Each structure stands twice: as C-alpha cells, then as structure tokens.
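Encoded as structure tokens, the structure appears first; notes follow it.
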Amino acid sequence: MKKSSMSPAGRIVMIIISLIAFFICLSQLRRVYGVIYWLVLFNVVMWLANAVASTIILIRDYKRKKNSREEAK
C-alpha cells in the first residue's frame with residue numbers, strides 16, 4: 001500500500017469533511033430505507049475506525065521523522 005503524502009493536519013480535515021458528507025447522506029437514507037441505513041452506518045463506523053488508526057500512525061511516523069531530523073543536526 002502506498003504511503004499518503006498528505007500532512008497529518010490535512011488528513012484530519014479530510015476526515016472531518018468526509019464525515020459531514022456521510023452524515024448528510026445517512027440522514028437522507030434513513031427516511032427511505034431501514035436496513036440499508038444500518039449497513040451504511042456500520043460501514044461508515046468501520047471506515048472511521050480505519051481512518052483514525054491510520055491518522056494516528058501517520059502522526060506518530062511524522063513525529064519520529066521530525067525527531068530524527070533534529071537529532072541529525
């Protein structure tokens with residue numbers, strides 16, 4: 001899997017924007033469908049967990065690179 005070149009702050013902003021879009025979509029789905037709503041909600045929760053975990057890893061790697069650059073000076 002290719003590493004993301006996006007900065008941690010940019011990645012967090014993208015997650016927030018995506019979440020807002022998901023919840024707007026979900027509020028529309030809930031009126032029309034019942035079971036599909038819960039399937040989509042489960043999918044969003046799994047996606048969110050994955051996004052948060054990968055962002056935490058990205059921030060940790062970013063800090064590690066920053067520290068190693070400072071030690072090299």
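The values are calculated or read from the model by the stated rules, or taken from the named source; none is laboratory data. Keep in mind that what you see is a predicted model, and the values were worked out from it rather than measured.
Annotations
- Some residue of the range 53-62 being under 16 Å from ILE16 (Cα atoms) and of a type in the set (Gly, Ala, Ser): yes
- Qualifying residues in the range 3-41 (those that are part of a helix (DSSP H, G or I) and among the hydroxyl-bearing types (Ser, Thr, Tyr)) - the one modelled with the highest pLDDT: SER18
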